[in-house]
Amino acid sequence: MSGRTHAFILYGILVGVVLGGVAGWVLGERMTAVAWIGAFFLDALRMIVVPLVVSSMIVGISGLGDVRRLGRTGTITILYYLATTGLAVLLGILLVNTIRPGVGFEWLGAEVPDVVKGKETTGFADILRSLVTPNLVDAAAKTEILPLIVFSLLFGGVLTTLGEKGKMVIRLFDGVNEAILKIVFLILLIAPIGVFALVASRLGQAGGGPAFFEEIRRIGLYAATVLIGLLVHGCVVLPLILFAVGRRNPWKHLAHFTPALSTAFSTASSSATLPVTIECSEERARISRRSSLFVLPLGATINMDGTALYESVAAIFIAQAMGIPLGPFEQVVIFLTATLASIGAAGIPEAGLVTMVIVLRAVGLPLEGISMILAIDWFLDRCRTTVNVWGDTVGAAVLDRIDPVQGEA
Ligand code: ASP
């Protein structure tokens, strides 16, 4: 890809997001007319997620060279992701206890929101069960990534033990992977229009600028607490880790991944953004292929720093607003369950809202509380998804540094 095309995509996508925000703000509901363009872009990305995830994991694992490395690399990756998620939750808990946005918040009472209905019994066992599927094709059809990752891990791992036969199959998936990444590049050419349409139509659907402003005003302190947390984690904590451990310049890293971050903000889906994240990682940031193909798909499903932070803030906000005191024990339970709920959340819009059931139930808070934060969730979802994807990219760079594969570029 030429430097000019890089620049066109990078600046085009930024201009798209900004213009989308302005158009949605000013023109309000009229902008829902372009929703189909956004849906087209989103579907184009979703169309390639399944072959991309499967081929990436298989090629990524074979890139480790020896299947015994899988245990080591897998463990380091998961421990790193857990550590950064833990930091995000801790930050959320500190902020919400300091700012106390729920104190004095007027709650009018409401029913359990529709998105949560039927999910009341979601628990730890469900998260474990979602690792596998009774039907791989069905999981692929529903873009349920986690079982596909588990299958591809097993499949790729086994292929590396099959000698020449295995190598042939790996070469096939390598070709598939390269072809899919070329398609990602083609899709990126329409990304500026796609992100414009997604942002403008969603803001329009929310009633445009004045309605959005009113909503923010009503629940402002809660939204501000989440946003401050996301900003501190995204602009201070993660860049520090990237600089100190990953030995990369955070500004350059940001420039390389701007298309992925803008796509995350526009789609509110880590999974749909994954093709763009991998493209930026390989083509722009020059992170090793092994890290791009192995660490990023895993991160898109289990590493959600933004979601974890938001879950902790939201749960404690709900308790504060309802006047339910939470002692140190409950706060520790929130720390653990918010981490778990973020791992269990799928990389799709508002998945975090649903897995919050786990956090609320663990400390005995009523599920109706979710209705308090529902109206603004579409916006916070975009912001936390951006941090989720940013965390994955930092993870790929850091793991590339602390666990390099011998002889790989
Ligand atoms: N939308 C988020 C993501 O895809 C998940 C969430 O709802 O927090 O990363």
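The table below lists the values:
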| item | result |
| --- | --- |
| Odd one out for Glu350 among (1) in contact with a helix residue (DSSP H, G or I) (Cβ under 6 Å, 6 or more places away or on another chain); (2) over 17 Å from Lys117 (Cβ atoms); (3) within 15 Å of the ligand (Cβ to nearest atom); (4) open to solvent by 30 Å² or more (accessible area, probe 1.4 Å) | (2) |
| Matching residues in region 330-347 - criterion: being in contact (Cβ under 8 Å) with a residue 40 or more places away in the chain, open to solvent by 10 Å² or more (accessible area, probe 1.4 Å) and part of a helix (DSSP H, G or I) | Gln331, Phe335, Thr339, Leu340, Ile343, Gly344 |
| Criterion violated by Ala139 - all others in (1) in a helix (DSSP H, G or I); (2) free of Cβ contacts under 8 Å to residues at least 12 places away in the same chain; (3) out of contact with any Ser or Thr (no Cβ under 9 Å at 6 or more places or on another chain) satisfied | (3) |
| Unmet criterion (only one of (1) under 30 Å from Ile170 (Cβ atoms); (2) buried (at least 23 other Cβ atoms within 10 Å of the Cβ); (3) within 14 Å of the ligand (Cβ to nearest atom)) for Leu309 | (1) |
| Some residue of region 218-236 being of a type outside the set (Gly, Ala, Ser), out of contact with any Asp or Glu (no Cβ under 7 Å at 6 or more places or on another chain), at pLDDT below 95 and open to solvent by 10 Å² or more (accessible area, probe 1.4 Å) | yes |
| Flag for Gly92 being open to solvent by less than 50 Å² (accessible area, probe 1.4 Å), modelled with pLDDT of 80 or more and under 18 Å from Ile149 (Cα atoms) | no |
| Selection within region 372-388 - more than 15 Å from the ligand (Cβ to nearest atom) and surrounded by fewer than 19 Cβ atoms within 10 Å (Cβ to Cβ) | Ala375 |
| Filter result for the condition that a residue is exposed (fewer than 14 other Cβ atoms within 10 Å of the Cβ) and under 20 Å from Ala44 (Cα atoms), over Leu186, Leu181 | Leu186 |
| Qualifying residue in region 362-369 (condition: open to solvent by 20 Å² or more (accessible area, probe 1.4 Å), near the ligand (Cβ under 9 Å from one of its atoms) and of a type in the set (A, V, I, L, M)) | no |
| Cross-chain or 6+ apart pairs with Cβ under 6 Å, region 17-44 first and over 16 Å from Phe265 (Cα atoms), then polar (S, T, N, Q) | Met31/Ser201; Thr32/Ser201; Thr32/Gln205; Val34/Ser201 |
| Scope region 142-153; condition open to solvent by 30 Å² or more (accessible area, probe 1.4 Å), more than 15 Å from Ser55 (Cβ to Cβ) and assigned to a helix (DSSP H, G or I); matching residues | Leu146, Val150 |
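The values are calculated or read from the model by the stated rules, or taken from the named source; none is laboratory data. Treat the numbers as computed from the prediction; the structure is a model and nothing was measured. Methodologically, a virtual Cβ is constructed for each residue, glycine included, from the backbone with ideal geometry; neighbour enumeration extends over all protein chains shown. Surface areas here come from the heavy atoms of the whole protein model, side chains and all, with no ligands, DNA or RNA. Shrake-Rupley method; radii C 1.70, N 1.55, O 1.52, S 1.80 Å.
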